[in-house]
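Accompanying notes for the structure given below.
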Amino acid sequence: MAQYNYKAMDKAGKNKKGTIEAVNEEKAKEKLRSEGLIIQDLKEQSAGGFKINKKVKDKDLAVFCKQFVAILNAGVTIITALEMLSEQLDNKTLKGALQEAQAHVQKGGTLADAFKLNPKVFPPIMINMVAAGEMSGNLEVCFERLTTHFENANKLKSKVKGAMTYPIVILCVVIAVVVVLLIKVIPTFADMFEDMGTELPKATQMLVDLSKFLQTKGWVVILVVVALVFLFRWIGKTESGSLVYAKIGLKMPLFGNLTIKSAAATFARTLSTLMASGIPLIDAVEQVAKMMNNRIIRDGLLDARNQIAKGVPLSKPLRDMDIFPTMLPQMTKIGEETGNIEDMMDKVAEYYEMEVNAATDALTAMMEPMIIVLMAVVVGGIVIAIYSPMLSMYDAVDNY
């Protein structure tokens with residue numbers, strides 16, 4: 001439901017103001033009048049610049065599109081379909097955006113314009129395809145394509161995110177284990193070493209000193225970590241910093257290849273979806289470019305868009321970018337020559353989606369033994385450093 005700000009007067013003549021939820025303005029007025037209020041002013045929040053700033057996951061958008069097209073195919077009107085789905089969906093952000101969209105359509109607006117009210121919720125690809133569907137009269141077909149697009153995008157992102165998250169989680173576990181050993185275990189042995197009165201090996205002494213530092217000045221480490229996190233985030237927002245991060249993302253061992261293949265799959269799938277819905281190539285490339293997280297790829301595609309405007313075929317700037325695998329510009333060129341870019345891009349998307357699956361599986365399989373070795377080296381090194389003075393003492397006793 002839409003949110004309305006109101007000013008009113010009650011039966012006693014006292015002024016009141018507040019917010020009320022209603023399907024539309026008339027319903028809001030009815031609610032206020034039923035409470036015995038005399039309406040002085042009533043404004044919809046969205047009209048005053050209210051926007052939902054929270055994004056919605058591809059998985060939730062896929063569910064919405066699938067349900068929406070099913071309801072439309074059953075002969076239900078758009079307004080009723082939006083009302084039904086806004087009551088059924090669990091995602092509160094999407095629910096609120098659909099209620100705003102329903103109120104806008106009830107006033108005579110188009111569905112695409114209704115979605116534009118909340119650009120954080122409904123991505124440009126969705127708005128453009130709905131607009132094209134309304135113009136061509138094939139709205140159901142557009143939502144079917146959007147369902148496929150968001151389902152594939154969700155699978156791809158989940159796969160890549162899982163591959164990226166796995167080593168980070170394990171690394172955090174290793175750090176946590178080391179910190180617990182340094183704070184809880186090492187102090188016990190440190191007291192024992194002090195009672196022994198013998199000179200400790202350098203590795204053992206370093207562990208003892210580090211343990212004491214964490215116990216007394218652990219907050220310094222926390223401050224440094226927090227400062228570094230904010231510093232790296234700030235650098236990423238600068239012009240030169242974002243470019244450096246983009247280069248690292250493409251060149252990083254193990255992960256760089258996965259980033260490139262994932263971008264190729266996203267590019268091909270999205271371009272195919274947009275063009276199949278009647279979006280011109282130049283606009284489709286621009287929309288795809290804005291979806292890319294890597295700045296180098298995004299800038300390259302925006303440059304490709306400018307070259308297309310000058311009459312250059314898409315395959316040439318794709319090849320000149322020297323980022324994507326050679327198969328992508330080659331298949332694009334074949335699509336341009338045959339006049340069937342959409343189908344070619346669809347095949348390319350399927351191929352690179354399989355490549356991403358294979359790459360993530362290979363990356364996970366490769367990381368597992370590396371992580372085991374890392375944990376063995378770190379934890380084993382700590383254990384050896386702890387027990388080496390004790391072993392030396394036992395040897396000295398035996399020799400004595």
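Structural remarks
- Sites counted here are trypsin sites (Lys or Arg not before Pro) in a DSSP loop (not H, G, I, E or B) having no more than 16 other Cβ atoms within 10 Å; the longest part of the chain that contains none of them is 121-309.
- Helical mean residue ellipticity (222 nm; -39500 (n - 2.57) per DSSP H run of 4+; nearest 500) of the chain: -25500 deg cm²/dmol
- Here ASP191 and ARG233 are evaluated by their C-beta separation; at R0 = 41 Å the FRET efficiency comes out at 0.50.
- Loop sites in segment 149-254: GluC sites (Glu not before Pro), DSSP, at most 13 other Cβ within 10 Å: GLU199
- Only Cα pairs under 8 Å and 6+ residues apart enter the sum, and on that basis the relative contact order of the chain stands at 13 percent.
- Additional length obtainable on full extension of the chain from LYS316 to ASN340, 0.36 nm per residue less Cα span: 7.0 nm
- Once C-alpha pairs closer than 8 Å and six or more residues apart are averaged by separation and normalised to the residue number of segment 1-40, the relative contact order reads 46 percent.
- Full extension of the chain between LEU72 and VAL174 gives 31.5 nm of extra length, using 0.36 nm per residue less the Cα-Cα distance.
- Across segment 114-260, the relative contact order, built from alpha-carbon pairs under 8 Å that are at least six residues apart, equals 12 percent.
- Taking every Cα-Cα distance in segment 116-158 and sorting them into 5 Å bins from zero, the calculated P(r) comes out as 5, 23, 25, 25, 15, 5, 1 percent.
- Of the complete DSSP H runs in the chain, those spanning 30 angstrom or more by Cα along the long axis with a mean Kyte-Doolittle score not below 0.0 are 139-180, 202-237, 255-276, 341-399.
- Cross-link pairs LYS92/LYS157; LYS55/LYS347; LYS290/LYS316; LYS155/LYS261; LYS92/LYS237; LYS29/LYS55 - those with Cα-Cα distance over 26 Å: LYS55/LYS347; LYS92/LYS237; LYS29/LYS55
Coordinate-derived values only; no laboratory data. Owing to the predicted nature of the structure, the values given are computational and were not obtained by experimental measurement. All Cβ positions, even for glycine, are placed from backbone atoms using ideal geometry, and neighbour counts span all protein chains on display.
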